[in-house]
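> If you scroll down you'll find the structure; I have some questions about it.
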Amino acid sequence: MALKGQKFGKYSDNLKNEVFNKIKQGQSLRYVAKQYNIPFGTICSWTDKKNHPEKGSGQKRGRPKESNLTKEDWKERYEILKKYQAFLKAQRGKK
């Protein structure tokens, strides 16, 4: 988590490409991080985004939304819910 007032380094695309080339040559992430004076976690996040672009920034979390439901689908769901609530109310009344 970022601290208040913390500044983040900005790195050029050329530097990132150099780092990726060093890693492809077989050098470890930690060694490259020390060599270029870049935090290890930053290099890890770069490699994750490069290897898995679908995970990149703007990653959505949680349950995916069902965006293709029509108005009739929502009405049907609402009716089912009303029936279930009536059923629960009847069950509580029997006790």
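The values are calculated or read from the model by the stated rules, or taken from the named source; none is laboratory data. Since the structure is predicted, the reported quantities are computational estimates derived from the model, not experimental observations. Heads up, the Cβs are rebuilt from the backbone with ideal geometry, glycines too, and the neighbour counts pull from every protein chain shown.
> Identify all residues within the range 1-38 that are more than 18 Å from Asn51 (Cα to Cα) and in contact (Cβ under 8 Å) with a residue 12 or more places away in the chain; write none if there are none.
Gly9, Tyr11, Gln35, Tyr36, Ile38, listed by residue number.
> What number of residues within the range 27-39 satisfy the criterion of being among the aromatic types (Phe, Trp, Tyr) and under 18 Å from Asn14 (Cα atoms)?
Counting residues in the range 27-39 that are among the aromatic types (Phe, Trp, Tyr) and under 18 Å from Asn14 (Cα atoms) gives 1.
> Any residue in the range 76-88 that is at negative phi and in contact (Cβ under 8 Å) with a residue 40 or more places away in the chain sitting within a Cβ distance under 6 Å of a residue that is of a type outside the set (S, T, N, Q) and in a helix (DSSP H, G or I)? List the pairs, counting only those 6 or more apart or interchain.
none
> Looking at (1) at pLDDT below 90; (2) assigned to a loop (DSSP other than H, G, I, E, B); (3) surrounded by 10 or more Cβ atoms within 10 Å (Cβ to Cβ), can you tell me which one Gly9 breaks?
(3)
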